[in-house]
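Okay, structure first, notes after.
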Amino acid sequence: MDSLDNEKNEKAREAPSNFIKVIIEEDLKLGRNDSRVHTRFPPEPNGYLHIGHAKSICLNFGLASEYNGLCNLRFDDTNPIKEESEYVESIIEDIRWLGFDWGDRLFYASDYFDTLYKYAVKLINDGKAYVDDLSADQIRQYRGTLTEPGQESPFRNRSAGENLDLFQRMKSGEFENGAKVLRARIDMSHGNLNMRDPVLYRILKAPHHRTGDKWCIYPMYDWAHGQSDSIERITHSLCTLEFEDHRPLYEWFVQNLGIYVPRQIEFARLNLTYTVMSKRRLLQLVKESYVKGWDDPRMPTLSGLRRRGFTPVSIRNFAERVGIAKRDSTVDYALLEHAVREDLNKHAQRVMAVLKPLKVVIENYPEGQTEQLDCVNNPENPDAGSRKVPFSKVIYIERDDFMEDPPKKFFRLAPGREVRLRYAYFITCTDVIKDENGQITELRCTYDPATRGGDAPDGRKVRATMHWVSAEHSLRAEVRLYDHLFRKEDPDDVEEGKTWLDNLNHGSLEILDDCRIEPYAADSKPGDRFQFERQGYFCIDPDTAPGHLVFNRTVGLRDSWAKIAKQG
RNA sequence: UGGGGCGUCGACAAGCGGUAAGUCACCAGCCUUUGGAGCUGGCAUUCCCAGGUUCGAAUCCUGGCGCCCCAGCCA
């Protein structure tokens, strides 16, 4: 291989560029931040991580590794009412699973509560913050509107001494929830509402998952976030678009405090078709039992996708492919599916499983005989080797693989037609047996002993190759098929008076409890992944118990027959 | 006559004054013991619109139009 080819290959493998990399490279070139790149992923522990967070995680950790920098994990735990340690644990597990490592740099905004308090005192002393006695309602009224300026609070001009005293007493619990707040003293007529004397602290007599009962006042996110980044000396604070107009406020804080100024860059959050991504909505789906939990395989949560069978690599590749930009966008769910198929195709063990069994008796096959046939484990990877699969007189095939009166383009089994049983024999359907209702209960076929392994010595061709399972040797299994959680690409596309919940797809879960799988799967463990030949990728669900296999369908194989059938 | 953003193929997304990358989806063909995978080819004479600058504009200027975010003591 010449060097040009090498160069080409390298180029092809390179992660795509984006506007944030351009900014970072510019900063590096100018020697800013001593040429450090230090990012962070700052989740609030009030819910489970979803695929949208994965985009941000891959971005932040990816950038750090690409530029030999560091990425911290920091929990933004400033609201004890909504936050729980259950969530911090799940978040840690999910990020690790995705394949990222923050070394010893696991932080919490609550680590900085003391520092933040001191910063607030400094602002008070500088006449840049004050204690306000207005109620929440009054504060809202005084704030003005989008088009009209706000009005200054009557408490805005208290002396530094009085403010200090009041603030200290807020801290020690002297006042009730909501009685007072600490506000920054900026500009009540600013066009940017965030600059109209934002609240810094509120009184919240609630125990915190880490600081316990130590605090009666808690910092607002806006007050905590930028300073936390500053304290950690984050060079590039990446966040989503809605924080764009908070940036001037964050800069006002760190500049007036005289501390390190991180650079905030905003990018568009991920939206995916056929699902919802807001934590509020995901929480509602869980709480109101529209799904079975945060890790329901239909959920776009990382725990849901994991249980569904997605691999970390597939999610990382997906995150890379969606790109980073500032434009609001909604990514086609098919891109996510493509990413798993791509990974699983290369790595998943092939196995034969019949989802909807139809009994087939091979009349000329010797009664009581069993053969062990050689089957390839993964045609994409010769090193995966092969396995033996038992064949016998009575087998099951897929109901959908037989049609009594087939349309022109249907190549599979039909009366009088010959097809191949994968890795086994050619069989020809000789008889169709039905019950009193006319339902097909069984097929009679003959086989050609000369076609053992699936090749006809006389060179005769068949149009179809079908999967099968020996009735006597197969294992019974439950298989859960999943479809989109919502019927519409955009769940918010509703008629007057309806809500996104009315777009829930009630057929998103289909349970098949009489599936048959070849014995190879007998010892599989939760998380094991397979390709069921001709059908899709499946993984073992944690509900699996001894003697009761449960599979989740991660994603189906692309199905060109389904397309043809649909067209009629 | 509030502020902040954004408009490039059905969906994402490069492009940074030199004549529209790539990916998904889709279509056609080849190949095939998975109607899978793979391979080949097709898929924006044009970048929201209108003017202007320039030899040359998706890129620069002017003016429109459209979409998103902000009035939590949530993050």
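Derivation of every value follows stated rules applied to the coordinates shown; laboratory data play no part. Please read these numbers as outputs of a predicted model, since none were measured by experiment. In this analysis, Cβ positions are derived from the backbone assuming ideal geometry, glycine residues included, and neighbour counts consider all displayed protein chains.
Results, tabulated for the structure shown:
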read-out	value
Stretchable slack from A:Leu28 to A:Arg96, in nm (0.36 nm times residue separation minus alpha-carbon distance)	21.6 nm
Nearest 10 degrees, 0 to 90: helix A:85-98 Cα axis against chain A principal axis	60
Between helix A:160-171 and chain A: long-axis angle, C-alpha atoms, 0 to 90°, nearest 10	40
Distant-in-sequence amide H partners of A:Tyr218 (H built 1.01 Å from N, under 5 Å)	A:Arg202, A:Leu204
Alpha-carbon centroid distance for the pair region A:489-568 / region A:305-325, whole angstrom	18
Neighbour-count ranking [beta-carbon atoms within 10 angstrom, fewest first] of A:His38, A:His347	A:His347, A:His38
Loop-located GluC sites (Glu not before Pro) in region A:372-412 whose Cβ has at most 15 other Cβ within 10 Å (DSSP)	A:Glu380, A:Glu404
Neighbour cut-off at most 11 other Cβ (10 Å), DSSP loop, trypsin sites (Lys or Arg not before Pro), region A:285-368	A:Arg327
Fraction of beta bridges assigned by DSSP in chain A that are antiparallel (%, nearest 5)	65
Antiparallel content of DSSP bridges confined to region A:20-267, in %, to 5	50
Solvent-free Debye scattering, log10 I(q)/I(0), computed from the Cα coordinates of chain A at q = 0.09, 0.10, 0.11 Å⁻¹	-0.82, -0.94, -1.06
Shape metrics for region A:405-469, restricted to C-alpha atoms - Rg then Dmax, Å	12.7, 41
Cβ-Cβ FRET estimate between A:Lys287 and A:Ile433, R0 fixed at 56 Å, reported to 0.05	0.65
Contact order normalised by residue count of region A:6-157, Cα under 8 Å, 6+ apart, percent	18
Sorted by Cβ density within 10 Å, fewest first, the residues A:His246, A:His467, A:His209	A:His209, A:His246, A:His467
Nearest-0.05 FRET efficiency for A:Tyr260 and A:Lys566, computed from C-beta distance (R0 51 Å)	0.30
Lys/Arg +1, Asp/Glu -1 at C-beta; region A:39-181 dipole; positive extreme among A:Asn46, A:Trp97, A:Leu116	A:Leu116
Among A:Gly385, A:Thr370, A:Ile395 the positive-end extreme of the charge dipole of region A:353-467 (Cβ point charges)	A:Gly385
Neighbour cut-off at most 12 other Cβ (10 Å), DSSP loop, trypsin sites (Lys or Arg not before Pro), region A:200-267	A:Lys214
Rg to Rh quotient for region A:20-267, alpha carbon positions, Kirkwood Rh	0.98
Linear extension gain, A:Lys326 paired with A:Glu89, 0.36 nm per residue minus alpha-carbon span	82.2 nm
Percentage relative contact order, chain A, counting C-alpha pairs under 8 Å, at least six apart	11
Theoretical ellipticity at 222 nm over chain A - DSSP helices of four or more residues, -39500 (n - 2.57) apiece, nearest 500	-8500 deg cm²/dmol
Karplus (6.51, -1.76, 1.60) ³J(HN,Hα), θ = phi - 60°, over region A:142-153, in Hz, Gly and Pro reported as x	5, 5, x, 10, 4, 10, 10, x, x, 10, 6, 5
Dimensions in Å of region A:277-432 - Rg and Dmax from alpha carbons	22.0, 68
Region A:353-467, relative contact order in percent, only Cα pairs under 8 angstrom and at least six apart counted	28
For region A:45-56, 3J(HN,Hα) per residue [Karplus equation, 6.51 cos²θ - 1.76 cosθ + 1.60, θ = phi - 60°, Hz, x = Gly/Pro]	x, 10, x, 8, 6, 10, 4, x, 5, 4, 4, 5
Interatomic Cα distance distribution for region A:89-150, bins of 10 angstrom, percent	16, 22, 25, 20, 18
Size of charge dipole - chain A - debye, nearest 20, with Cβ of Lys, Arg +1 and Asp, Glu -1, no other charges	400
For region A:445-451, Karplus couplings with θ = phi - 60° (6.51, -1.76, 1.60), whole Hz, Gly/Pro x	9, 10, 10, 9, x, 6, 9
Per residue, the convex hull volume that the Cα atoms of region A:353-467 enclose (Å³)	122
